[in-house]
């Protein structure tokens, strides 16, 4: 039987969208905020030799700088005020989540509801400022000691004034993006932080596609390979859409209840367990963790010395497209998939909530046995989800390295772009459903008022 929500969803059209004034305001606010973010990626840091930095960036674009530049929408390449992007906030959020599961004080705050959540968010902001300050100072020190040969030094006037201004500018940019993401979440559509990362990735796609077709025109890649890469990207998108919507539903039964002299029938529901509960966090963390030692080795080896050959061999074996790199990437993705799923989903807490409200799984004893069964099912589907994430991120990387394509055609970027798009579309649909429900309620009230007047 079709539910009322499904009936409303089937009846949604552009006419209903045109009448939803609140939704249109939210969409315009979201687009305006993302436009402000894109403008900020073109404002450079003061005191930087742009030509020298562009030349130095090309030498390190294959490391972690290239990946961060993709997430930042080209802000790292231009060394803009938003070069740090929102990454310090994401790192702080992950650290706070890990600490929540370790520290009893933070765990108690998490259970306090809205007040506890606000306090945890405040701790996350403080940690974001600390991480952003450390990263910005490290960037300032690194820029002062860098040069690009013919173009000269990257910093025009090194010193404490440059360090102070760079730290203030980069930390201020990160804090502004964090505030902007929160405003998008409250006043716009979708998750603000995810949309900022999404905007950075999508902004580079047109240039990447143009470069791809230019390579095909110049003969660097063959036409069958070009169409094969396009088919691969479409296949990755289809796989992401299918897996992200896949669920394992556990049947929940509620007993019969007696209300006064009337016996109500026992209700049944389901507990949805997503096949990929970790989302896009495992690929991001795996790539960052693996590329960090590569980039460090590149910087250490560039200065020469006795250990340069050893460092160069490490860089060569862990480079993009190498078998060892892909193997370690897959292993780290699988590890972080299980790790993050264990952080965001607690089977024991879910089982306690079911027992509190009288729900139970058919054939499973409430309490500890229910928690064990949920953990058993969650472990199996998480394994499948981890294999899916590893395949989506590693298999395109092989072809990307083979065809010498940019990061934009990797599995991580496509995974983030498709996942954020699906979440945003789902929120737009929920706003339309809420608007239609409000319209039905108003019509019902008007009809009731008319009938009452007629009776009078």
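FYI, it's all coordinate maths here, none of it is from the lab. Not measured: the values here are computed from a predicted model. Cβ sites come from the backbone with ideal geometry, for glycine too, and all protein chains shown count toward neighbours.
Points to keep in mind about this one:
- Evaluated at q = 0.18, 0.21 Å⁻¹: base-10 log I(q)/I(0), Debye formula over Cα of segment 84-205: -1.02, -1.17
- For segment 179-260, alpha-carbon Rg relative to the globular expectation (2.2 N^0.38 Å, N residues): 1.92
- Peptides ranked, highest mean first, by Cβ atoms within 10 Å: ranges 412-425, 378-391: 412-425, 378-391
- Simple spin-label estimate for residue 95 and residue 161 in nanometres, 7 Å along Cα-Cβ: 3.2 nm
- Cβ-Cβ distance of residue 213 and residue 42, R₀ of 30 Å, FRET efficiency by 1/(1 + (r/R0)^6): the value works out to about 0.75.
- Highest-first arrangement of 208-217, 177-186, where packing means the average Cβ count within 10 Å: 177-186, 208-217
- Cβ-derived FRET efficiency at R0 35 Å, residue 268 paired with residue 387, nearest 0.05: 0.65
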